[in-house]
Amino acid sequence: MSENSIISTTNLNLWYNEKHALQSVSIRVPKNRVTALIGPSGCGKSTLLRCFNRLNDLIDNVKITGEIKLDDENIHAPATDVVTLRKKVGMVFQKPNPFPKTIYENVAYGPRVHGVRDKAELDKIVEQSLRHAAIWDEVKERIHDSALGLSGGQQQRLCIARTLAVEPEVILMDEPCSALDPIATAKIENLIERLKEDYTVIIVTHNMQQAARVSDYTGFMYLGKLIECGKTRQIFEHPKEELTENYITGRFG
Amino acid sequence: MAEKFHTELKKLKADTLKMAQLGRFMLRTGVDALIRQDKELAASVDARKVEIHDMEVRIEEQCYQLVALNQPMAKDMRIIACTLKVITASLRIGRYGKSIANTVADLSTKPHIANLMSIPHMADLAIDMVDDAIAAYESDNLRLIEDLSSRDDTIDALRHSIFREGITYMMEDPKNISRCTHYIMVARYLERCADHACKIAENVQYMETGERVEIH
């Protein structure tokens with residue numbers, strides 16, 4: 001990958017107790033591109049994703065060695081503030097998880113935590129974020145209604161808006177469409193395509209067609225190792241590694 | 001799911017192989033009918049044209065269905081892409097066999113001029129190329145098609161030599177013009193068949209390695 005990278009790992013290892021879940025993973029994630037991580041269940045793709053904003057810190061008995069850099073800074077350095085890191089590296093989860101509050105409050109929550117108090121400023125951020133997440137037109141008449149009244153697909157886009165509200169550099173998405181129907185999925189996929197103009201997106205998906213559709217780069221993981229990573233077109237047309245070939249043609253997994 | 005798809009993919013290859021062999025058979029039989037001036041044999045080639053056409057349509061449909069229902073990737077996708085090219089090339093080869101057979105009516109009243117010149121030899125070489133290209137598709141053995149490019153050069157040289165020789169006989173006696181024109185056309189058909197063998201080989205190479213090469 002010759003493009004500028006925003007996140008990179010070097011010899012990243014991670015253990016959950018005795019389980020060696022990530023094994024010497026070295027990956028460079030290009031800026032303003034969509035990178036997909038694919039692989040069979042338990043291969044470590046979500047674990048790797050969660051390393052990028054140190055979500056694994058919240059789990060007991062996790063040991064990490066190796067290096068993860070965001071914008072050339074080691075995210076495990078003592079000076080790194082985890083809250084700032086998670087502002088820069090936002091996350092969207094598999095199941096939409098809006099707060100049991102209004103649509104407005106869901107989006108305004110992050111900026112408030114980070115110190116924005118001005119009402120007009122918050123209004124602007126909320127509208128902009130909802131627009132960026134391609135949900136504004138659907139909710140503008142009812143942004144003070146409960147977020148829980150939205151459909152699954154709308155809730156997921158709201159969660160994306162919530163992530164965008166704190167102006168991250170990178171958005172991590174862990175199976176963002178697996179709980180959605182095909183139409184809601186298509187909306188999220190279109191959104192991902194637009195988001196890469198301003199953000200870097202890393203998406204974990206077990207849906208290979210989705211990885212092929214939305215990503216510029218694809219990494220294939222297997223049993224904790226990054227087997228192959230390259231341009232999506234190359235990975236899906238002629239992968240270099242036999243393991244990748246066998247996985248994407250459905251010969252295992 | 002994947003297992004069912006791979007079984008269908010195997011069947012697709014088997015069907016394609018049958019069609020390629022029919023194309024090859026029509027070419028071989030067309031040439032044999034010409035050499036022996038056998039009108040009946042020639043008619044038997046013409047009779048297969050509908051069959052090979054139907055096979056092409058059926059296999060093409062199979063390909064589109066497999067793509068629509070399975071969204072194949074990597075080698076699976078490349079097998080289908082290659083198959084679509086192989087059936088087109090095979091149909092053409094079969095049709096050239098038919099075109100050669102159709103010259104037999106005009107060319108069986110008198111003995112052949114100069115024993116058909118180099119046409120029988122050229123036909124053997126072209127059919128060998130077709131055989132190897134088909135065998136490579138079947139067996140994934142790329143060694144069979146390694147030297148196809150230089151074999152194609154020989155075919156081109158033979159076509160040119162038949163053209164020159166044909167002109168000579170035409171100049172010697174205008175009564176030869178009609179027959180020699182047929183011979184020159186036959187040489188052209190054979191050259192095209194060799195080109196189609198190269199096309200098949202290029203696609204087999206892509207199917208196997210994902211790399212695009214030019215063979216001509």
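The values are calculated or read from the model by the stated rules, or taken from the named source; none is laboratory data. Everything quoted here is computed from the prediction, not taken from an experiment. Note that each Cβ is placed from the backbone with ideal geometry, even for glycine, and that neighbours are counted across all protein chains shown.
So here's what we get for this one:
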| item | result |
| --- | --- |
| Filter result for the condition that a residue is of a type in the set (S, T, N, Q) and in a loop (DSSP other than H, G, I, E, B), over B:T29, B:T83, B:T109, B:T88 | B:T109 |
| Residues of segment B:12-35 satisfying the condition of being within 13 Å of B:Y96 (Cβ to Cβ), surrounded by fewer than 23 Cβ atoms within 10 Å (Cβ to Cβ) and not hydrophobic (A, V, I, L, M, F, W, C) | B:R24, B:R28, B:T29 |
| Conditions (1) within 14 Å of chain A (Cβ to nearest Cβ); (2) surrounded by fewer than 18 Cβ atoms within 10 Å (Cβ to Cβ); number of the one not met by B:I167 | (1) |
| Where a residue in segment B:63-92 is over 21 Å from B:A194 (Cα atoms) and facing chain A (nearest Cβ under 10 Å) and its partner, wherever it lies, is of a type in the set (V, I, T) and in a helix (DSSP H, G or I), with Cβ under 7 Å and at least six apart | B:P72/B:I80; B:M73/A:I248; B:A74/A:I248 |
| Among residues of segment B:36-73, those that are part of a helix (DSSP H, G or I) and surrounded by fewer than 16 Cβ atoms within 10 Å (Cβ to Cβ), counted | 18 |
| Residue in segment A:151-165 that is surrounded by the most Cβ atoms within 10 Å (Cβ to Cβ), counting only those that are touching a Phe, Trp or Tyr at 6+ places or on another chain (Cβ under 9 Å) and among the hydrophobic types (A, V, I, L, M, F, W, C) | A:A161 |
| Of residues in segment B:197-211 being farther than 15 Å from B:K75 by Cβ and among the charged types (D, E, K, R), the one farthest from the other protein chains (Cβ to nearest Cβ) | B:K199 |
| Among (1) more than 18 Å from the chain's Cα centre (by Cα); (2) more than 26 Å from A:I235 (Cβ to Cβ) - the single one B:D76 does not satisfy | (2) |
| Sole exception among (1) modelled with pLDDT of 95 or more; (2) closer than 19 Å to A:N97 by Cβ for A:D216, by number | (2) |
| Filter pass, B:C193 being under 16 Å from the mean Cα position of the chain (by Cα) and assigned to a helix (DSSP H, G or I) | yes |
| Strands (runs of 3 or more DSSP E) contained in segment A:1-98 and holding at least 2 residues over 13 Å from the mean Cα position of the chain (by Cα) and of a type in the set (F, W, Y) | A:5-16 |
| Helices (runs of 4 or more DSSP H) contained entirely in segment A:173-253, each with at least 2 residues that are in contact (Cβ under 8 Å) with a residue 40 or more places away in the chain, crowded, with 16+ Cβ neighbours inside 10 Å and more than 11 Å from chain B (Cβ to nearest Cβ) | A:182-195 |
| Residue tally, condition within 14 Å of chain A (Cβ to nearest Cβ) and either within 18 Å of the chain's Cα centre (by Cα) or among the charged types (D, E, K, R) (or both), over segment B:1-54 | 4 |
| From the options B:I155, B:I167, B:I162, residue that is under 17 Å from B:I215 (Cβ atoms), at pLDDT 95 or above and of a type in the set (V, I, T) | B:I155 |
| Number of the exception - B:M19 against (1) closer than 20 Å to B:G210 by Cα; (2) in contact with an Asp or Glu (Cβ under 7 Å, 6 or more places away or on another chain) | (1) |
| Residue match in segment A:111-122 (condition: crowded, with 17+ Cβ neighbours inside 10 Å, closer than 28 Å to A:K45 by Cα and either touching a Phe, Trp or Tyr at 6+ places or on another chain (Cβ under 6 Å) or modelled with pLDDT of 95 or more (or both)) | no |
